[in-house]
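Please treat every number below as a calculation from the coordinates, not as lab data. Because the structure is predicted, anything quoted here is derived from the model rather than measured.
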Amino acid sequence: MAWHLAPSGLAAVHLPRREIMAMPGPSRPELPVLDVPVETGRRLRLYVRERSFRDDLGKLEQVLEYEVVDAAGRVVARSPERLTYWMADPAPFAEVAGLTADRSPVPLGGVGDIWVFRRG
């Protein structure tokens, strides 16, 4: 990130909270965890298809799937994503890259925090 920033540039990163991510995924992955209108007649649905957590490694892996559904209930767009997170304090990694924390982490809905770093 630091390489892409201008001097004094800011980077914001969403980092999930370990205690939330260590929880098991939904018991029914075929049901959306989010279903909201996005535009007239369309809805965005989010599914957590898989989730695993290795506490000994601090490694979370999950498969998310986003769907856009039209007014008739047909899926018009689908985007699966496999994400891997390594749970660790980001400050030492940022420092090595030439970034410093710009402010205290900002809570994001109980599931994570937004960290803001500044390029030195």
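Results, tabulated for the structure shown:
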read-out: Three semi-axes of the equivalent ellipsoid, segment 2-119, Cα gyration tensor, whole Å, largest first; value: 31, 20, 12
read-out: From phi via Karplus (6.51, -1.76, 1.60), per-residue ³J(HN,Hα) for segment 78-83 in Hz, x at Gly/Pro; value: 9, 9, x, 9, 9, 10
